[in-house]
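Below is one structure, written out as structure tokens, with a few remarks after it.
The values are calculated or read from the model by the stated rules, or taken from the named source; none is laboratory data. Remember, predicted model here, so these are calculated numbers, not experimental data. Ideal geometry is used to build each Cβ from the backbone, glycine not excepted, and the neighbour counts take in all protein chains shown.
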Amino acid sequence: MQRVTAILLGAGNRGAQSYAPYALNYPHELDIIAVAEPDEERRAAFLSAHKISEANSFSNWEQLLELPKLADIAIICTQDQMHYHPTLRALELGYHVLLEKPMSPSPEECVEMELMAKKNNRLLTICHVLRYTAFWTAMKRVIEDGQIGQIVNIQLNENVGNMHMAHSFVRGNWNNSDKSSPMILAKSCHDMDILSYIMGEPCERISSFGSLMHFKEENAPIGAPARCLDGCPAEATCQYYAPKYYLGTGRGWAAKFTTDTSLEGIIGALRTTPYGKCVYRSDNNVVDHQVVNMEFASGATAMFSMCGFTRDNTRILQIMGTKGDIRGNMEENEFTVHDFVTNENITIQVQASQEGHSGGDTGIMRSFLREVRTYAGGESESSASVSVRSHLMAFAAEESRLNGGKPVIIEDLHKSLRTQAANLKAQ
């Protein structure tokens with residue numbers, strides 16, 4: 001088997017802990033030979049783990065991509081608003097690119113990246129990792145086998161989990177759409193993509209409602225300081241009290257904001273990083289709940305609900321077809337198929353990997369490397385072209401939400417963006 005070489009841009013949580021471990025676990029398949037990461041501690045740890053020379057260590061992606069092409073692929077895991085320029089440059093240099101989702105907070109940039117991949121005849125694969133999990137692929141097979149007939153309606157709930165909501169979208173990197181992306185894109189582009197994947201046809205029209213209801217200053221406990229450790233009077237009653245969570249059941253999450261996960265290290269980080277802030281006194285602005293209504297080409301419909309106020313962190317769905325229905329819970333790794341004619345119920349329990357995203361992180365790496373080795377043109381399972389369609393669903397949902405739920409026609413949005421991208425190229 002031909003070993004693929006790679007460079008990594010962004011050695012944070014997703015880059016260093018989700019995709020790069022594939023090179024350590026399967027060194028005969030993947031070798032990461034260079035890294036660009038601004039955080040010195042993270043960069044040093046990554047160099048050591050992957051035995052990369054100092055000569056191939058860079059503090060920013062510009063330095064790395066100023067060089068001639070060093071490897072077969074570029075894995076790009078910078079922050080959301082830093083995807084566009086390194087992706088274009090990597091494609092121009094001839095790299096196949098694996099890009100963390102979302103592609104970009106800008107719909108125009110998404111379309112332009114898609115066009116750039118086609119122009120340079122390179123793979124641009126977006127990390128919609130749910131497509132590569134045992135749960136969703138098994139369900140897709142059941143649908144394609146015709147066991148429930150034609151899909152009429154899908155109801156998908158994304159239970160974000162209250163502490164996950166607080167960690168990532170109130171205190172964390174995705175808490176402010178001006179700095180990252182709207183919630184529907186940052187968190188739920190996974191769901192727009194999986195709905196598109198399951199439905200197997202274009203979404204044509206969308207409307208959406210949602211808001212930031214709870215995580216606002218007016219809901220802070222009386223006398224609550226800016227930071228939990230500064231003497232919060234609600235320490236015993238607030239579910240979001242940072243020391244209780246990060247020194248207790250959420251200790252594993254502390255590794256996402258400090259490399260020193262000792263008690264002293266975590267406490268020190270809670271005094272200085274956003275993860276020690278009061279959730280009601282952060283600079284967050286993304287919604288904490290949102291619903292999206294969709295109509296597809298066949299007339300089938302879907303309803304998606306994202307909510308940050310749930311105990312569990314999972315996806316629950318019901319797919320209703322003309323011959324049967326499916327009900328499933330991703331956390332439980334099983335779904336039940338009910339046949340309307342025989343009245344039989346068949347429960348399918350999938351063997352989900354314990355690796356990230358129920359095996360999706362490893363699955364997309366394995367698939368992408370196979371596509372790179374055999375590349376002779378064409379597109380990948382979660383190519384930019386596929387991803388742009390589901391990203392447009394998210395952009396349309398956000399546009400609708402901001403305009404009081406007014407429906408948005410997807411194709412009109414897509415045509416407008418392609419025209420804008422073509423005009424930019426002509427200038």
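Quick check: anything in segment 219-227 out of contact with any Phe, Trp or Tyr (no Cβ under 8 Å at 6 or more places or on another chain), closer than 30 Å to residue 387 by Cβ and outside any helix (DSSP H, G or I)? Checked segment 219-227: no residue is out of contact with any Phe, Trp or Tyr (no Cβ under 8 Å at 6 or more places or on another chain), closer than 30 Å to residue 387 by Cβ and outside any helix (DSSP H, G or I).
For segment 287-312, filtering for residues that are over 25 Å from residue 237 (Cα atoms) and either hydroxyl-bearing (Ser, Thr, Tyr) or in contact (Cβ under 8 Å) with a residue 12 or more places away in the chain (or both) leaves 16. On the stretch given as segment 145-165, residues that are under 24 Å from residue 312 (Cβ atoms) and assigned to a loop (DSSP other than H, G, I, E, B) total 2.
Against the definition (in the same structural domain as residue 241 (by TED's automatic domain parsing), buried (at least 22 other Cβ atoms within 10 Å of the Cβ) and at pLDDT 95 or above), how does residue 369 come out, yes or no? No: the conditions fail for residue 369. Taking every residue in segment 391-414 that is outside the structural domain of residue 105 (by TED's automatic domain parsing) and pairing it with any residue that is modelled with pLDDT of 95 or more and of a type in the set (Lys, Arg), at least 6 positions away or on another chain, the pairs with Cβ-Cβ distances below 6 Å are 400/406; 407/205; 409/205. Looking only at segment 294-314, how many residues end up being modelled with pLDDT of 95 or more, more than 20 Å from residue 212 (Cβ to Cβ) and not aliphatic (A, V, I, L, M)? Matching residues across segment 294-314 total 5.
Only one residue in 388, 337, 372 is of a type in the set (Val, Ile, Thr) and either within 25 Å of residue 107 (Cβ to Cβ) or in a loop (DSSP other than H, G, I, E, B) (or both). Which one? Exactly one of 388, 337, 372 is of a type in the set (Val, Ile, Thr) and either within 25 Å of residue 107 (Cβ to Cβ) or in a loop (DSSP other than H, G, I, E, B) (or both), namely 388. Would you be able to say whether some residue in segment 339-362 is surrounded by 16 or more Cβ atoms within 10 Å (Cβ to Cβ), in contact with a Leu (Cβ under 8 Å, 6 or more places away or on another chain) and over 29 Å from residue 19 (Cα atoms)? Looking through segment 339-362, none of the residues is surrounded by 16 or more Cβ atoms within 10 Å (Cβ to Cβ), in contact with a Leu (Cβ under 8 Å, 6 or more places away or on another chain) and over 29 Å from residue 19 (Cα atoms). For residue 279, the requirement of being buried (at least 21 other Cβ atoms within 10 Å of the Cβ), not in a loop (DSSP other than H, G, I, E, B) and not polar (S, T, N, Q) is not met.
Applying the criterion of being touching a helix residue (DSSP H, G or I) at 6+ places or on another chain (Cβ under 8 Å) and not in a helix (DSSP H, G or I) to the residues of segment 391-408, the residue that is surrounded by the most Cβ atoms within 10 Å (Cβ to Cβ) is 408.
Taking the numbered list (1) surrounded by fewer than 24 Cβ atoms within 10 Å (Cβ to Cβ); (2) touching a Pro at 6+ places or on another chain (Cβ under 8 Å); (3) of a type in the set (A, V, I, L, M, F, W, C) in turn, residue 185 passes all entries but (1).
Matching residues to (1) part of a strand (DSSP E or B); (2) surrounded by fewer than 15 Cβ atoms within 10 Å (Cβ to Cβ):
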residue: 209; (1), (2): yes, no
residue: 214; (1), (2): no, no
residue: 234; (1), (2): no, no
residue: 239; (1), (2): no, yes
residue: 252; (1), (2): no, yes
residue: 266; (1), (2): no, no
residue: 270; (1), (2): no, no
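Looking at the structure I just gave you, is residue 144 buried (at least 21 other Cβ atoms within 10 Å of the Cβ) and either among the acidic types (Asp, Glu) or under 19 Å from residue 304 (Cα atoms) (or both)? The answer is no for residue 144.
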